[in-house]
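Okay, structure first, notes after.
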Amino acid sequence: MRRDYFELAVEQIGWVDSDGDPRKPHVYIDFHGPDGLLRERLTGTEDGLLDGEEIDVAFRLQTSHEEDPDAAGVVGVTNRITGDFVLELNQAAADVLQFIRAAREYGQQNDGDGGYRVEITVEGEPLVSYEKETFLVYDPEGNLLRRESLIPSGVEL
């Protein structure tokens with residue numbers, strides 16, 4: 001599935017820089033591609049759509065964000081059961097890392113580890129919504145960057 005079929009938008013992250021009231025960050029991914037393609041990838045083994053426990057969200061840097069202020073990467077949503085990619089899209093590293101920071105701060109200010117909501121739509125029509133607490137970040141070589149990732153306490157990777 002082509003990355004340009006997707007548009008990503010985020011909400012409720014500006015409060016971190018302005019010391020506002022904590023709000024759970026939301027990421028919206030809108031699909032503009034062939035009918036049924038995304039729904040097929042989001043369908044689990046029992047012909048129902050995957051739930052939040054059956055997907056993982058990650059970000060793989062294409063260049064080092066510490067060396068390149070304009071670093072970009074790929075946001076990926078995968079089926080945790082099969083390991084198959086559900087979707088991928090290109091995104092600026094600074095934007096993703098800011099989102100993860102907001103999710104972490106939200107959790108710390110609400111007695112949790114962090115959290116965010118992922119909503120996937122097709123041409124603006126809601127398809128699925130997931131509450132997540134984990135967002136893994138990998139360097140260009142595929143090594144997990146624990147400091148940049150959102151990992152709940154007690155989770156072993």
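What follows draws every value from the coordinates through simple rules; no lab data is involved. Because the structure is a prediction, the values reported are computed rather than measured. Cβ: placed from backbone, ideal geometry, glycine included. Neighbour counts: every protein chain shown.
Data overview
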{"item": "Theoretical FRET efficiency, 1/(1+(r/R0)^6), r = Cβ-Cβ of Arg80 and Arg146, R0 25 Å, to 0.05", "result": "0.80"}
{"item": "Gaussian network model of the chain, springs between alpha carbon atoms under 10 Å - residue of Gly36, Gly115, Gly44 with greatest fluctuation", "result": "Gly36"}
{"item": "Local electrostatic count, Ala9, Cβ distance below 13 Å [Lys/Arg +1, Asp/Glu -1]", "result": "-4"}
{"item": "Top of Asp19, Asp30, Asp95 by mean-square fluctuation, Gaussian network on the chain, Cα under 10 Å", "result": "Asp19"}
{"item": "Summed residue charge, Cβ within 9 Å of His26's Cβ, Lys/Arg positive, Asp/Glu negative", "result": "+1"}
{"item": "Coil-residue trypsin sites (Lys or Arg not before Pro) of the range 62-141, DSSP, other Cβ within 10 Å capped at 16", "result": "Arg80"}
{"item": "Stretch gain in nm, segment Ser64-Asp95, where the contour uses 0.36 nm per residue and the Cα spacing is subtracted", "result": "9.7 nm"}
{"item": "Charge dipole (debye, nearest 20) of the chain; +1 at Cβ of Lys and Arg, -1 at Cβ of Asp and Glu", "result": "120 debye"}
{"item": "Label-point separation in nm, His32 to Ser153, each point 7 Å along Cα→Cβ", "result": "4.3 nm"}
{"item": "Cα-based convex hull volume of the range 3-138 per residue, rounded to whole Å³", "result": "113 Å³"}
{"item": "Among Ile81, Ile13, Ile29, residue whose mean-square fluctuation peaks in a GNM of the chain (springs only between Cα atoms under 10 Å)", "result": "Ile81"}
{"item": "Considering only the range 3-138, percent of DSSP beta bridges that pair antiparallel, nearest 5", "result": "75 percent"}
{"item": "Whole-number percent relative contact order across the range 47-157, with pairs defined as alpha carbons under 8 Å at least 6 apart", "result": "25 percent"}
